[in-house]
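J.: I am attaching a structure below and will ask some questions about it afterwards.
The values are calculated or read from the model by the stated rules, or taken from the named source; none is laboratory data. Predicted model only: the values in this text are computed from it and were never measured. Cβ placement follows ideal geometry from the backbone for every residue including glycine, while neighbour counts extend to all protein chains displayed. Protein only, heavy atoms only, side chains kept; ligands, DNA and RNA dropped before computing areas. Shrake-Rupley method; radii C 1.70, N 1.55, O 1.52, S 1.80 Å.
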Amino acid sequence: MSSITRRRFVATAAAAAALAQPLRSLAQATAPAVGTLRLYPEQPGAAVPGNFIGLSYEIQELSDPSFFAPSNTGLIAQFRALAPHGVLRLGGNTSDVGWWKPTADATEPPLPANVALQTLRGGKSPMSLSYEVTPEAVRNLRGFLDATGWTTLFGINLGSSTPERAAEEAVFVAKELGPKLEYFQVGNEPDGFTWRFRDRATWNADVYFDQWLASANAIRARVPEAKFGLPDTAGSPQWSTVVSERLAALPEHERPNVAAITHHYYFTGPPSNPNATIENLLKGGDQRVLAVADTTREAAAKVGTKYRMTEGNTCYRGGKPGFSDVFAAGLWAADYALTLASQGYAGVNLHGGGGKSVADSLGGSLPGEALMADPSAPHPRPFYTPIAYMDGKYVAEPVYYGLKFAQHFAGARLMAVDFEAGRINATAYAGKHPNGKSVVAIINKDEKEAVTVSARGLRGGTLYRLTAPALTSHEAHLSGFEDGSGEKLSAKDGSLSWDVAAGSAVLVVAE
């Protein structure tokens, strides 16, 4: 057992739209707390990439070359324990105020003419938070990636830089990172540039694309093999439609190599939002997820590429205490990640990292800290981070364990399921790995009632549990995952049965 004490588809390749139904049915009727599950391996769904699970950090972390470095063994251990082949996304708001410092005597360059600086909360200029990225930091990043087995999405400044500077940095990054570089992300949340870098009266998705294309072309002129992800929007899925239409209209030889259509997703926010409650987080039925997935999938299909959720979490602006840092957030993370998998996403990156970098990305502070009953109590900074740094150690938070739960579907082909759970708020997912073993996940988001699940067609298997004392606990437990000592299950009368406690999740690896 490992723990922390801190603190649906009916799909074929020609019918991708059917992926919008990850469960055939999920009943919420007045019935006994007994769930029935049926698997349909003959109706395959999306293939989950082996590097599906990822983390997102502010790229400002590179201002400290010792952070993403082979010497940071504590952080490396947490990355390796989460996933053997994950994807580290470096970006965030800080990606548009960083500057490339190729030599020790280089100085910060002037702002380009297309920048119209806006005033941040607290009266600051966005450029008051500028920082430098050095060759040493990039070389150390390569060592970190080698040590973890991960690859990276690398953010390049669009908001306050020029195509020429973008290309200069990209040349070094591409050469140094080599196969560890998945693709460049030029600009972060451009649909929000009007509160930092651009004039609201003239800024739109088309203008963004023109400026992005100038930087992308400058990069690929010097790095012909460069790949890109875009538009990495905060909450404007229609921008992906504009981008895909503009890309598709380009002659093939003029089109940059787009590896993914990308966007962000936060369940709610800011921390002061009264709707940021555990009840709302777990009740499900957030139609935004499916609507954005539909739009993103269509945009990606138009240009023949993948799509990825590159930054998100429970609550934007750093998370909320008692909401983003508790076990309920871990169950949400597991369910959200598997929902995206069912929608055909190439991956998911939940945001976190160091408190200073996230605070800087927000103008200098974490709003959630004002909501703490005891500000002196130990707490993760930011509240939503999957990996916190406290008392000199890197600590896996509940959201981390939700991602680790979902990691067990990496490399599997999802399959259609029927799941009837009566009045219990629960979801089910199933897949099959290349080795022939099936994997089934049941996530019980009901705070009070357990459910007993009966599944026909499974001869036996091993059950693992994701649990905590309560949804509000600042801890999580994954029983049997590390040493394979899960509970052994045997079929009776042609059915395999198991119980799922209130506010918990189980994973069954079946024969």
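J.: What size of dipole, in debye to the nearest 20, comes out for the range 316-421 about its Cα centre when the only charges are +1 on Lys and Arg C-beta atoms and -1 on Asp and Glu C-beta atoms?
T.: So the dipole magnitude of the range 316-421 works out to roughly 300 debye.
J.: Bin by bin, in steps of 10 Å, what percent of the Cα pairs in the range 355-511 do you find, going until the bin that has the longest distance?
T.: That works out to 10, 33, 29, 18, 9, 2, 0, in percent per bin.
J.: On a 25 Å Cα-Cα criterion, which of the cross-link pairs LYS124/LYS356; LYS283/LYS393; LYS404/LYS445; LYS101/LYS320 come out too long? Don't skip to the end; give the middle numbers.
T.: Numbers: LYS124/LYS356 16 Å; LYS283/LYS393 34 Å; LYS404/LYS445 17 Å; LYS101/LYS320 35 Å.
Violating the 25 Å Cα-Cα cut-off are LYS283/LYS393; LYS101/LYS320.
J.: On a full-extension model of 0.36 nm per residue, what is the gain between HIS253 and ALA77, subtracting their alpha-carbon distance, rounded to one decimal in nm? Kindly include the intermediate steps, with their values, before the conclusion.
T.: Values: separation 176, 0.36 × 176 = 63.36 nm, distance 4.27 nm.
Result: 59.1 nm gained on full extension.
J.: Sticking with this one: Whose amide H sits under 5 Å from the amide H of VAL395, counting only residues 5 or more places off or on another chain, with H placed in the peptide plane?
T.: Amide H neighbours of VAL395, under 5 Å, 5+ apart: ALA388, TYR389, MET390.
J.: To continue, here is another question. Can you tell me the length gained on complete extension of the stretch GLU136 to THR472, counting 0.36 nm per residue apart and subtracting the Cα distance? Mind showing how you got there, number by number?
T.: Working: separation 336, 0.36 × 336 = 120.96 nm, distance 4.16 nm.
Result for the pair: 116.8 nm of gain on full extension.
J.: How large is ³J(HN,Hα), in whole Hz, for each residue of the range 268-278 in order, when computed from phi with the Karplus curve 6.51 cos²θ - 1.76 cosθ + 1.60 and θ = phi - 60°, using x for Gly and Pro?
T.: 7, x, x, x, 6, 5, x, 7, 7, 10, 4
J.: If we sort 64-75, 483-494, 302-313, 153-164 on the protection proxy, mean other Cβ atoms within 10 Å, highest first, what's the order? Please list the in-between numbers first.
T.: Details: 64-75: 16.8, 483-494: 12.1, 302-313: 22.2, 153-164: 24.1.
Final packing ranking: 153-164, 302-313, 64-75, 483-494.
J.: Still on this structure, I have one more. Once you charge only the Cβ atoms, +1 for Lys and Arg and -1 for Asp and Glu, what is the size of the charge dipole of the range 411-495 about its Cα centre, to the nearest 20 debye?
T.: Working: 11 positive and 10 negative charges, 78 e Å.
In total the dipole reaches around 380 debye.
J.: Sticking with this one: Quick query: amide H of SER56 versus all other amide H atoms, modeled in the peptide plane; which residues come in under 5 Å with a sequence gap of 5 or more or a different chain?
T.: Correct list: ARG89, LEU350, HIS351, GLY352.
J.: Further question: Quick one: length gained pulling ALA116 to MET372 fully straight, 0.36 nm per residue minus the C-alpha distance?
T.: On the way: separation 256, 0.36 × 256 = 92.16 nm, distance 3.59 nm.
Between ALA116 and MET372, full extension yields an extra 88.6 nm.
J.: Positive end of the dipole of the chain, charges at C-beta (+1 Lys, Arg; -1 Asp, Glu), about the Cα centre: which of ALA333, SER56, PRO70 has its Cα farthest in that direction?
T.: Going by the Cα projections, it comes out as ALA333.
J.: I'd like the antiparallel share, as a percent to the nearest 5, of DSSP beta bridges with both residues in the chain.
T.: Numbers: 49 of 94 bridges.
Percentage antiparallel, nearest 5: 50.
J.: Please state the charge dipole magnitude for the range 113-184, taken about the Cα centre, from unit charges on C-beta atoms (+1 on K and R, -1 on D and E), reported in debye and rounded to the nearest 20. Can you show the working numbers first?
T.: Details: 7 positive and 8 negative charges, 48 e Å.
It comes to approximately 220 debye.
J.: While we're here: Excluding residues on the same chain fewer than 8 positions from LYS227, give the lysines whose Cα lies under 21 Å from its Cα.
T.: Within the straight-line limit of under 21 Å, LYS227 reaches these lysines: LYS175, LYS180, LYS302, LYS306.
J.: Follow-up question, since we're still on this one. Could you derive backbone 3J(HN,Hα) for the range 354-359 from the dihedral phi with the Karplus parameters 6.51, -1.76 and 1.60 (θ = phi - 60°), listing whole Hz in sequence and x where the residue is Gly or Pro?
T.: x, x, 5, 5, 5, 4
J.: Using a probe of 1.4 angstrom, how much of the accessible area of the chain is carbon and sulfur, in percent? Show your work: numbers first, answer last.
T.: Values: 9970 of 19350 Å².
That share works out to 52 percent.
J.: Moving on. In whole Hz, what ³J(HN,Hα) sequence does the range 463-480 give by Karplus (6.51, -1.76, 1.60; θ = phi - 60°), x for Gly and Pro?
T.: 10, 10, 10, 10, 9, 7, x, 7, 4, 8, 6, 8, 8, 8, 10, 10, 7, x
J.: By its C-alpha gyration tensor, with a ≥ b ≥ c as the square roots of the eigenvalues, how is the range 146-278 shaped: rounded for a/c under 1.5, else prolate for a/b larger than b/c, else oblate?
T.: On the way: a/c = 1.84, a/b = 1.30, b/c = 1.41.
The shape class here is oblate.
J.: A follow-up question, please. In Å², and per residue, what accessible area does the chain have when probed at 1.4 Å with the other protein chains present?
T.: Details: 19350 Å² over 511 residues.
Dividing the accessible area of the chain by its residue count gives 38 Å².
J.: Volume per residue, Å³, of the convex hull around the alpha-carbon atoms of the chain?
T.: Numbers: hull volume 73.0 nm³, N = 511.
Cα-based convex hull of the chain, divided per residue, equals 143 Å³.
J.: Could you compute the FRET efficiency for THR36 and ASN273, with r as their C-beta to C-beta distance and R0 at 51 Å, rounded to 0.05? List each step's numbers first, then the result.
T.: Details: r = 37 Å, r/R0 = 0.73.
Once the sixth-power term is evaluated, E becomes 0.85.
J.: Now for a different question. Charges on Cβ only, +1 for Lys and Arg, -1 for Asp and Glu, centred on the Cα centroid of the range 65-174; of GLY149, ASN114, ALA83, which one is farthest towards the dipole's positive end?
T.: ALA83
J.: Oh, and also: With a/c under 1.5 counting as rounded, go ahead and sort the range 155-194 into rounded, prolate or oblate using the C-alpha gyration tensor (a ≥ b ≥ c being the square roots of the eigenvalues; past the cut-off, prolate if a/b is larger than b/c, else oblate). Spell out each step's value before the answer.
T.: Details: a/c = 4.69, a/b = 1.70, b/c = 2.75.
It comes out oblate by the Cα gyration axes.
J.: Something else about it: Using only the Cα atoms of the range 205-277, build the gyration tensor, take square roots of its eigenvalues as a ≥ b ≥ c, and label the shape rounded, prolate or oblate: rounded if a/c is under 1.5, else prolate if a/b is larger than b/c, else oblate.
T.: Details: a/c = 3.13, a/b = 2.41, b/c = 1.30.
Prolate is the answer for the range 205-277, as a/c is 1.5 or above and a/b outweighs b/c.
J.: Another one. Name the long-range amide H neighbours of GLU132: under 5 Å, sequence gap of 5 or more, or other chain; modelled H, no Pro or chain starts.
T.: TRP99
J.: If r is the Cβ-Cβ distance from GLN287 to THR107 and R0 is 56 Å, what FRET efficiency results, to the nearest 0.05? Kindly include the intermediate steps, with their values, before the conclusion.
T.: Details: r = 50 Å, r/R0 = 0.89.
According to the calculation, E is roughly 0.65.
J.: Still on this structure, please answer the following. Could you pull the accessible area for HIS253 with a 1.4 Å probe, rounded to 10 Å²?
T.: About 140 Å², ignoring ligands and nucleic acids.
J.: Mind giving me the nanometre distance, one decimal, between the label points for ARG222 and TYR394, set 7 Å out from Cα along Cα→Cβ?
T.: Result: 3.1 nm between the two label points.
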